Amino acid sequence: MNQFFERRYVIGGIFITIILILLARLFYIQIIDDKYALYANKNVIRPIIQYPARGPILDRNGKVLVTNDLVYDITVVPKEVKPFDTLEFCKLIGIDKPEFDKRFAKAIKYSPNLSSPFEKQLSPQLTASLQERLSEFQGFSVQPHPIRTYPDSVAAQFLGYIGEASTDKIAKSGGYYRLGDYIGISGVEKAYEDVLRGQRGVQNMMVDSRGVQKGSYANGVYDTLAVPGERLTSSLDLRLQKLGEKLMKNKVGSIVAIEPSTGEILAFVSSPGYDPNLMVGKRGTNYTMLNDNPYKPFLIRPIQANYHPGSSFKPLSALIAMQEGVITPQTTYNCPGYYTAGNRRIKCFNGERHGLVTLSSAIAESCNGYFDMVFEKLINQKGPKQTDTSFTIWRNNVAKFGLGSRLNLDLPAEGSGYLPKASYYDKLYRKGSWRSSTVISLGIGQGELEATPLQLANIEAIIANRGFYYKPHLIKSIGSKQIIKNEYTVKNYVAVDGQYFESVINGMQNVVDYGTAAGSKIPGIIMCGKTGTADNSHGKPNSVFVAFAPRENPKIAIAVVVENAGQGATWAAPIASFIVEKYLRDSITSRPSGIEPNYYMNANLLPEIVVKTTPAQKATADSIKKLKTDSARKKAPVKSANNKNQSSVKYMAAIKPKDDE
């Protein structure tokens with residue numbers, strides 16, 4: 001009997017112990033450990049991502065170049081989706097059932113538990129109608145999202161565009177980017193992505209069993225606000241940019257203008273351009289159209305197109321020659337209309353005879369013979385057997401002006417042009433087998449020498465500053481702070497004494513006062529410049545003009561290239577003069593020569609595309625043409641004399657130049 005009572009107490013004690021353990025565990029779960037409370041809350045709390053407004057971009061005077069509009073996307077959490085009328089949903093947002101299945105499968109693959117984009121950039125009308133019926137489609141929600149808008153539709157290649165982050169970018173972002181997020185793809189949008197994008201926020205909303213929002217959780221205590229991206233103030237002058245794009249309409253080429261005293265870029269025109277609003281939103285068709293355009297509007301010509309400088313290189317050559325001591329400002333040359341280098345005869349433009357010229361007059365009249373002589377003096381100064389040594393010295397001096405390497409502009413994908421090394425000619429002609437006469441075309445900016453329009457404008461800034469430059473850049477400030485990289489505040493000297501610049505600048509002033517660019521003279525403004533007529537292997541020469549103004553205390557340095565347009569004085573120089581005067585006076589006055597902007601704005605100089613075909617393609621085309629002709633004859637046995645002339649379709653394209661003058 002006593003044993004029975006003892007067992008009863010033992011069993012009772014065990015039950016009491018178990019109950020106490022369970023009560024303690026329940027107390028721990030409900031009061032102490034909040035993990036389970038959080039698990040439970042996830043069933044009724046939906047975190048909603050708050051996308052920040054991307055930072056606006058302004059011009060140097062505070063005018064808006066790009067800002068934001070608000071659109072709405074449909075997002076989906078696959079695990080929360082309940083059975084619903086799929087066909088009605090598809091009809092509502094304008095897609096078919098196979099497309100719905102494709103998108104839903106993609107969302108599941110990304111994550112069954114996470115929100116991902118399903119349909120983007122709904123119209124306001126569709127957003128309103130969908131919001132009214134959203135409770136019918138559990139698991140789907142409407143998410144506000146800022147997109148870019150461009151009030152003046154200018155500077156597309158400078159600003160760049162944004163697009164969805166690729167899987168590779170998402171993987172490398174350390175968890176910052178998610179599927180459907182936007183990221184800078186090109187231009188300033190890409191270069192300053194970290195500054196422009198801002199910081200996402202999160203709003204925790206209470207939802208019921210049908211996914212309908214019931215208000216903010218805990219009155220927003222646990223929410224985080226989205227932080228907008230920083231405002232960027234660019235160095236561009238919107239007035240100049242708009243004028244430059246109008247002047248370059250229906251032309252292929254570039255305009256780059258720089259403020260010499262800072263290196264800030266005032267105008268950055270790449271033509272043909274495009275409306276940057278075309279790259280906003282559902283841009284698939286627009287992207288394909290622009291990408292397939294034979295004029296290559298996505299090519300950022302100011303920093304990616306290579307042009308031989310032509311005669312615009314002559315002032316630089318003169319400066320190096322004076323520094324090396326092979327000529328003086330008084331050195332003369334009697335020009336018979338050509339220059340003899342070895343067994344070669346290099347003509348001046350159109351064989352023009354300049355007679356006796358000095359340094360300044362040779363620049364003003366663009367005498368090829370004078371600068372061929374200068375180049376040979378430089379390359380032969382150590383004797384013919386040491387041509388490669390002298391050439392390397394010449395190359396190093398040219399490189400100090402920023403040719404042959406990137407200037408480290410604050411934009412991605414900058415090109416470096418091309419400045420050949422002696423080893424290039426050693427391979428081409430065999431070491432020791434080439435002389436100054438072999439590469440004589442380099443002396444007048446032709447041959448293998450290539451530069452970007454940015455590099456050409458930078459050379460003018462160097463001459464304007466009498467021997468130094470600040471690295472060109474496009475952003476003046478970030479937010480309210482004047483923050484620029486230290487490298488953009490450092491003077492870069494080119495190792496040419498200041499005393500040598502005046503004679504070169506005299507010649508450049510004479511170019512505009514009475515020389516090759518006299519037609520572009522601006523009344524009351526002393527502009528110093530140099531024309532270039534750059535030969536091509538395809539069609540007419542490129543029209544090139546470089547300049548700075550005014551002569552004293554220069555405010556603007558500029559380079560203009562118009563592909564396949566002929567002489568520099570005819571097209572590039574007038575365009576540059578309008579930009580210069582607009583910047584200095586904010587107006588354009590009448591010129592003694594009679595030139596006016598509208599003529600240049602309305603001119604169509606798009607070069608013709610030459611479509612190359614193989615013999616087999618030509619034979620096929622001829623066969624098809626013959627069949628069509630025979631068929632037409634059968635249908636129309638009596639021909640009218642008025643149908644003899646048939647129109648032909650000409651294809652146009654912007655082709656990178658191969659040879660310049």
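The values are calculated or read from the model by the stated rules, or taken from the named source; none is laboratory data. Given the structure is predicted, the values throughout are model-derived calculations rather than measurements. Counting neighbours? That spans all protein chains shown, and the Cβs are built from the backbone with ideal geometry, glycine included. When the accessible area is computed, the model is the full protein with side chains, heavy atoms only, and any ligands, DNA or RNA have been set aside. Shrake-Rupley method; radii C 1.70, N 1.55, O 1.52, S 1.80 Å.
Would you please name the residue that is farthest from Ala341 (Cα to Cα), looking only at residues in region 365-387 that are in contact (Cβ under 8 Å) with a residue 24 or more places away in the chain and open to solvent by 40 Å² or more (accessible area, probe 1.4 Å)? Looking at the filtered set, the residue picked out is Glu365. Looking only at region 546-577, how many residues end up being part of a helix (DSSP H, G or I) and of a type in the set (S, T, N, Q)? Count: 1. The set of residues from region 300-343 being touching a Leu at 6+ places or on another chain (Cβ under 9 Å) and closer than 30 Å to Pro272 by Cβ comprises Ile300, Pro302, Ile303, Ala305, Tyr307, His308, Pro309, Ser312, Phe313, Leu316.
Condition first: closer than 26 Å to Ile265 by Cα and touching a Phe, Trp or Tyr at 6+ places or on another chain (Cβ under 8 Å). Now tell me which residues in region 411-442 satisfy that. The answer is Leu411, and nothing else.
For region 174-184, state whether one or more residues are charged (D, E, K, R) and farther than 30 Å from Ile303 by Cα. Yes, there is a match, as at least one residue in region 174-184 is charged (D, E, K, R) and farther than 30 Å from Ile303 by Cα. Here Val227 does not fit the description of being more than 30 Å from Gln50 (Cβ to Cβ) and either at pLDDT 95 or above or out of contact with any helix residue (DSSP H, G or I) (no Cβ under 8 Å at 6 or more places or on another chain) (or both). Residues in region 93-103 that are closer than 19 Å to Ser123 by Cα and open to solvent by 40 Å² or more (accessible area, probe 1.4 Å): Gly94, Asp96.
Being touching a residue at least 12 places away in the same chain (Cβ under 8 Å) and over 30 Å from Gln157 (Cα atoms) is a property that Asp85 has. For Val560, the conditions (1) open to solvent by less than 90 Å² (accessible area, probe 1.4 Å); (2) at pLDDT below 95 are fulfilled apart from (2).
Applying the set (1) in contact (Cβ under 8 Å) with a residue 24 or more places away in the chain; (2) within 30 Å of Phe268 (Cα to Cα); (3) assigned to a loop (DSSP other than H, G, I, E, B) to Val398 leaves exactly one unmet item: (3).
The rows are residues; the columns are (1) closer than 24 Å to Arg178 by Cβ; (2) among the aliphatic types (A, V, I, L, M).
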| residue | (1), (2) |
| --- | --- |
| Arg46 | yes, no |
| Tyr51 | yes, no |
| Gly55 | yes, no |
| Asp59 | no, no |
| Val71 | yes, yes |
| Val77 | yes, yes |
| Lys91 | no, no |
| Lys97 | no, no |
| Phe104 | yes, no |
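Could you check, for region 380-390, whether at least one of its residues is part of a helix (DSSP H, G or I) and within 35 Å of the chain's Cα centre (by Cα)? No, region 380-390 has no match at all.
Yes or no, residue by residue, for (1) β-branched (Val, Ile, Thr); (2) surrounded by 24 or more Cβ atoms within 10 Å (Cβ to Cβ); (3) in a helix (DSSP H, G or I); (4) more than 23 Å from the chain's Cα centre (by Cα):
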| residue | (1), (2), (3), (4) |
| --- | --- |
| Ile579 | yes, yes, yes, no |
| Tyr583 | no, no, yes, no |
| Thr589 | yes, no, no, yes |
| Pro592 | no, no, no, yes |
| Asn598 | no, no, yes, yes |
| Met601 | no, no, yes, no |
| Leu605 | no, no, no, no |
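Restricting attention to region 308-326, the residues that are open to solvent by less than 10 Å² (accessible area, probe 1.4 Å) and assigned to a loop (DSSP other than H, G, I, E, B) add up to 2. Being open to solvent by less than 70 Å² (accessible area, probe 1.4 Å), among the small types (Gly, Ala, Ser) and in a helix (DSSP H, G or I) is a property that does not hold for Ser543. Quick check: is even one residue across region 32-51 in contact with a Lys or Arg (Cβ under 9 Å, 6 or more places away or on another chain), modelled with pLDDT of 80 or more and surrounded by 12 or more Cβ atoms within 10 Å (Cβ to Cβ)? There is at least one residue in region 32-51 that is in contact with a Lys or Arg (Cβ under 9 Å, 6 or more places away or on another chain), modelled with pLDDT of 80 or more and surrounded by 12 or more Cβ atoms within 10 Å (Cβ to Cβ).
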